Amino acid sequence: MERPTLQSVAKAAGVSPMTVSNAFNRPDQCSSDTREKVLKIARELGYAGPDPAARSLRRGRTDTVGVLLTERLPYVFTDPGMVAFLHGLATTLADAGQALLLLPVEGNARHGHVRNAIVDAFVLASLLPDDPAVADVLERRLPVVSWGQPRLPGVLRVGVDGARSAAKAAQHLLDLGHRRFAIVTLGADPDGDGGNRVRGVHQAMAQRVAGFTRQLRHAGVTDVTVLEAFSNTRTASAEAIARWLENPTATAVFAVTDVLALGVLDAAAARHVAVPAQLSVVGFDDVAEAAASVPPLTTVSQSLFEQGALAAQTVLDQLAGRQPKSRPIRSEVVVRGSTTSAPAQPQAGRRSR
């Protein structure tokens, strides 16, 4: 059987194609009897309505915002920080009658996801500036807002200053008397000078590490061990720190995300290292799980839901031809039970029972 069309429905109903279109899209433009007749015949013929893509092309609007993600799509639903950001983004967009389309970079190898996405605007979520997908987005010449990374000339950005925010965590621990530190990050790698750096895959995490260590150097502290987790999961973090915990060389650990910090707490509990008596732990993000952990996690709060809402409003302002309002996102250290004053003596090799 041939696929039913708007024209075939119009012919069967004895009305014009415009009347069929109005019955689906502008019911106020035809009588209720005519609309019911058209819809009844459409159902009988198996016609679901005008093609939405074609309708969007005619209107010049899709009422959809695309979010370009650096991670695989399944990961998005397991990262509490990303979930909080998307929650804020989706809430504000939904209130404005807009839909959300998630576009992972991994499916854009042949530039299909971005170039073929039927959207009115893009939100870039933690991408590298030289990612080919970023170039594809900019070529579309649609409204764009960046979250966290990348920082692009002429592109509005939403997010905290990762380096300054991490410096606040460092100062909190310094004020507690800590002088020996470990950092759990993503993509840590020894450099040629014997120090540590973060590979470009997670540039935002690199800024957090840089800000934290810079604050320590300002205080004359250089005793820092960097530990690598291969993914932003509690399991990966616990594995990354497990061997180090057999003979810890620090009294405080800074993890670049709360998820990694929660993994540190898991590993410490498994090895009977008392937190915070023997080891203070600080995270970054202030996800919901941070306040519920044992002990509750001290962390750098950065209002992820608020950032999502602000990113959405920035996009909506651009679509409406309004000048987006600049609104700084503030970060602060939320002190909970996972940090305390440094122990009088290093706790290397000791365990609580």
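What follows draws every value from the coordinates through simple rules; no lab data is involved. Predicted model, so just to flag it, every value in this text is computed and none were measured. Note: ideal-geometry Cβ built from the backbone for every residue, glycine included; neighbour counts use all protein chains shown.
Going by how many other Cβ atoms sit within 10 Å of their own, how do Met82, Met18 line up, fewest first?
By the 10 Å Cβ count, ascending, the order reads Met18, Met82.
Using DSSP, restrict attention to beta bridges with both residues in the chain and report what percent are antiparallel, rounded to the nearest 5.
15
Can you find, among Val253, Thr340, Leu100, the residue sitting farthest towards the positive end of the charge dipole of the chain, where Lys and Arg contribute +1 and Asp and Glu -1 at Cβ?
Sorting the options by dipole projection puts first Leu100.
Counting only residues 5 or more places away or on other chains, whose amide H sits under 5 Å from the amide H of Leu102 once H atoms are built in the peptide plane?
Result for Leu102 returns Val67.
Would segment 162-297 count as rounded, prolate or oblate if I go by the C-alpha gyration tensor, calling it rounded below 1.5 in a/c and otherwise prolate when a/b exceeds b/c, oblate otherwise?
Note, shape of segment 162-297 comes out rounded.
Starting from the amide H of Arg157, placed 1.01 Å from N in the peptide plane, find each other amide H under 5 Å away whose residue is 5 or more places distant or on another chain.
The list, which skips near neighbours in sequence, is Ser146.
What shape does the chain take by its C-alpha gyration tensor, where a ≥ b ≥ c are the square roots of the eigenvalues and a/c under 1.5 counts as rounded, a/b above b/c as prolate, and the rest as oblate?
Prolate, because a/c is 1.5 or more and a/b exceeds b/c.
When DSSP assigns beta bridges and you keep just the ones with both residues in segment 162-297, what percent turn out antiparallel, to the nearest 5?
Close to 20 percent.
Can you list residues whose amide H is under 5 Å from Ile183's amide H, if they're 5+ apart or on another chain and H is modeled 1.01 Å from N?
Under 5 Å from the amide H of Ile183: Thr225, Val226, Leu227, Phe254.
Residue farthest toward the positive end of the dipole of segment 258-353, with Cβ of Lys/Arg at +1 and Asp/Glu at -1: which of Leu297, Leu316, Val287?
Leu297
Along segment 167-183, what does the Karplus equation 6.51 cos²θ - 1.76 cosθ + 1.60 (θ = phi - 60°) give for ³J(HN,Hα), rounded to whole Hz, x for Gly and Pro?
With the stated coefficients, segment 167-183 comes to 4, 5, 5, 4, 5, 4, 6, 4, 5, 7, x, 6, 9, 10, 10, 10, 10 Hz.
Where a ≥ b ≥ c are the square roots of the eigenvalues of the C-alpha gyration tensor, would you call segment 202-273 rounded, which needs a/c under 1.5, or, failing that, prolate if a/b is larger than b/c, or oblate?
Because a/c hits 1.5 or more and a/b fails to exceed b/c, segment 202-273 counts as oblate.
Among the lysines, which have Cα under 27 Å from the Cα of Lys168 when same-chain residues fewer than 8 positions away are ignored?
Filter leaves Lys325.
Put +1 on the Cβ of every Lys and Arg and -1 on every Asp and Glu Cβ in the chain; which of Pro150, Thr34, Ala210 then has its Cα farthest towards the positive end of the dipole?
Working it through, the farthest residue towards the positive pole turns out to be Thr34.
In straight Cα distance, which lysines are under 19 Å from Lys11, not counting same-chain residues fewer than 8 positions off?
Lys37, Lys40
How many percent of DSSP beta bridges within segment 251-353 run antiparallel, rounded to 5?
Antiparallel: roughly 30 percent of the beta bridges in segment 251-353.
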